[in-house]
1. Answer yes or no as to whether ASP238 is without any contact (Cβ under 8 Å) to a residue 40 or more places away in the chain and more than 16 Å from the ligand (Cβ to nearest atom).
2. Can you tell me which residue is nearest to ILE606 (Cα to Cα) among those in segment 549-582 that are within 16 Å of the ligand (Cβ to nearest atom) and part of a loop (DSSP other than H, G, I, E, B)?
3. Among all residue pairs at least 6 apart or on different chains, which show Cβ distances below 8 Å where the first residue, located in segment 322-349, is among the basic types (Lys, Arg) and the second is in a strand (DSSP E or B)?
4. Does PRO381 count as buried (at least 20 other Cβ atoms within 10 Å of the Cβ), within 17 Å of PRO186 (Cα to Cα) and of a type outside the set (S, T, N, Q)?
5. Would it be correct to say that ALA493 is among the aliphatic types (A, V, I, L, M), more than 16 Å from the ligand (Cβ to nearest atom), within 30 Å of GLY602 (Cβ to Cβ) and part of a helix (DSSP H, G or I)?
6. What number of residues within segment 355-385 are within 14 Å of the ligand (Cβ to nearest atom) and either in contact with a Pro (Cβ under 8 Å, 6 or more places away or on another chain) or not in a loop (DSSP other than H, G, I, E, B) (or both)?
7. If a residue must be away from the ligand (no atom under 15 Å from the Cβ), hydroxyl-bearing (Ser, Thr, Tyr) and either closer than 19 Å to VAL278 by Cβ or crowded, with 24+ Cβ neighbours inside 10 Å (or both), how many such residues does segment 415-439 contain?
8. Give the residues of segment 189-202 that are in a helix (DSSP H, G or I) and either within 16 Å of the ligand (Cβ to nearest atom) or over 18 Å from ILE149 (Cβ atoms) (or both), sorted by residue number.
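The values are calculated or read from the model by the stated rules, or taken from the named source; none is laboratory data. These numbers come from a predicted model, not from an experiment. Counting neighbours? That spans all protein chains shown, and the Cβs are built from the backbone with ideal geometry, glycine included.
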Amino acid sequence: MNTSSRASACPLKGGGGSMKACTCRCSAAAVASSSVQIADHLGGSNMVKVTTVKTKPYADQKPGTSGLRKRVTVFQQNQHYAENFIQSIISVIEPAERQAATVVVGGDGRFFMKEAIQLIVQIAAANGIGHLVIGQNGIMSTPAVSCVIRKVKAVGGIILTASHNPGGPNGDFGIKYNISSGGPAPEGITDKIFEISKTLQEYQICPELKADLAKIGKQIFEVDTFKPFTVEIVDCVDAYAEMLREIFNFAALKELLSGANHINVRLDAMHGVVGPYVKKIVCEELGSPSNSAVNCVPQEDFGGHHPDPNLTYAADLVNTMKGGEYEFGAAFDGDGDRNMVLGKNGFFVNPSDSVAVIAANFTSIPYFQKTGVKGLARSMPTSGALDNVAKALQMQLYETPTGWKFFGNLMDAGKLSLCGEESFGTGSDHIREKDGLWAVLAWLSILAARKQSVEEIMKDHWQKFGRNFFTRYDYEEVDSDAANKMIKDLETAMFDPSFVGKKFSSGDKTYEVAVSDNFAYTDPVDGSVSKNQGLRMIFSDGSRIIFRLSGTGSAGATIRLYIDSYEKDPQKIYQDPQVMLAPLIDIALKVSQLQEKTGRTGPTVIT
Ligand code: G16
């Protein structure tokens, strides 16, 4: 579509072009009618001016595991900090492509999101982007952004979220760029964004331009040099719900949730973005009672809590589930891509097991019946539960570094259908992000098909495939220097040639080191290599101790310790993971000297 046809298509512009901003429900090409309203956001001025602002580069805008995450105060108090990063993102879109380009924008509702979205509108307009699609009031979950990017064939999307990190004026904020596949930008692109940010001397902005984020429909602006510029505000649920209807059997889910023999579910949106999705899809459409979904109004500070669906931060849900009133429970994170699944009486499904169960029951999901399962994948620290299913079903299994972005290439190449991570992420190739509500509907589809409880399904799975006992210890906000030194010292010890073959004992258990390395990944599609992805000690029985530094924290360093150990003896598979793994945890702490080197006597979170 060329720009002149778009401009003349708007009835408000006529031939004269005197009106600078209009809102209409029509497409810019096919014009609607009398419902068209004028909304002049520009106080009657004729043209939105592009201004060039001098700035100084920041050295710390390197995107982490999933975008740039910092304290809100860093974005608020450092002059041009957010503007610089937004300009660096837009700069990776080729200038020649910008006028025809659509960029999707959405966020998890956290503090500072709306200000950041207005900056994106102003900077996108000034850089010649033709069209923005934005969730109403800025709200759109991460999986929905991925879905919309793919649906409208956008060049990419910008997501305002710090995921599961707390929000509010003293909490965290984040900006993440996704590419045209709908997935997080791969390292090649995030590196480019970082390079641009390190030398940025100026950015372009239309300071007087302001979009009405509340009003569904299109707002068309005339921008100096580049015109017109369209901001389209959309319902945040519609496209995503339409996609889920194609993936799942909604009639069967409706029967499960509201039929004669329905089950009771409890879904906790934790005041994050997923509330409106749960309400519309699970309650209104699938008939679950409205009180089965709680904390469904997104709040800027997530009600003062961590919107993090794990046993520590979703304690309310865990306690409610322990009461025995509900057969199925789930919690979501701030931006709706993570999930935690619980059964009756608070039975916990470890995320590493969750993806394995979905894989083993893939025929319960109509989407997989149609497409088949092309391959499975997990991140390196995720337990080997999925590997056991892959082996039994003779499917290809890929082991990638931590970060959903590594799954995208495999999906685009038709090698991967279903994947998951220990960090409460589960998803498939229906989009290019992990998807919390998708995972919940996948589990409910399995419950509907098997007519068993969550606990029965899980125990049955362990009986059949054996069990990977897994735990993760998080040490949050550790002094960065101390954390880096601990990891460095450990790596030095592990790389000593005598380390392999060493025996470590704790209690009556002895483990012999078979492999010790720093995980490196060569992408099988494009050959790109990602090094230093985590220190691994793999023992002769297959048990693993893994240490890595998180890439999603915003203050200090977070050390993650992961333990994975397989057990196939049916007599032992129901034991408490913390008891089963105690010797390996003890060995990990001794070998790393974590406590001595960081001063931490215990983890912040245990999963
Ligand atoms: C992000 C990534 C995930 C990763 C997680 C934890 O999730 O998308 O792939 O597993 O961070 O990463 P780290 O261990 O480096 O903190 P989210 O939900 O935070 O965007």
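1. Yes.
2. The extreme case among them is SER550.
3. ARG338/PHE332; ARG338/GLY425; LYS344/PHE328
4. Here the answer is no, as PRO381 does not meet what is asked.
5. In short, yes.
6. Here the count works out to 6.
7. 0
8. Answer for segment 189-202, where residues must be in a helix (DSSP H, G or I) and either within 16 Å of the ligand (Cβ to nearest atom) or over 18 Å from ILE149 (Cβ atoms) (or both): ILE189, THR190, ASP191, LYS192, PHE194, GLU195, ILE196, SER197, LYS198, THR199.
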